[in-house]
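Following: one structure in structure tokens, then a few remarks.
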Amino acid sequence: MDVEEEIRSYLYEYGNTKESDIISYGKQKFSYSQRGMKKVLGRMERDGKIYRVVHAKLKPPAVYLSLGEHTPIEIQKEVIRQKAEVMKAELSAYAQSERR
């Protein structure tokens, strides 16, 4: 398995992860230098495979990595609407069954 696929697998399994932890993981598992791991992560970010999230409110600020599979906001809104409709139908059905 290549380095990029292994990083994606790691992020899929563990979710958002500190960039420094991924760099340490890659150094240990693949014998890459810190600079080499940063190049791999930079390439993956440019290709849209992962993205960086900066948590500025943390002291000190920390950079996390996550899979680059963002769903467009319009689709997210539609999914939320559909879930609300399903919940409304379920509650209605439950209320009718309680009346019996």
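Since every read-out is calculated from the coordinates, none of them should be taken as a lab result. For clarity, every value in this text was computed on a predicted model and none was experimentally measured. All Cβ positions, even for glycine, are placed from backbone atoms using ideal geometry, and neighbour counts span all protein chains on display.
Below, the figures for the structure above:
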{"quantity": "Estimated 222 nm signal from helices in the chain, with DSSP H stretches of n ≥ 4 weighted -39500 (n - 2.57), rounded to 500", "calculated": "-21000 deg cm²/dmol"}
{"quantity": "Environment charge of Lys77, counting only residues whose C-beta is closer than 15 Å and scoring Lys/Arg +1, Asp/Glu -1", "calculated": "-1"}
{"quantity": "Principal semi-axes in Å for the chain [√(5λ), Cα gyration tensor, largest first]", "calculated": "41, 15, 14"}
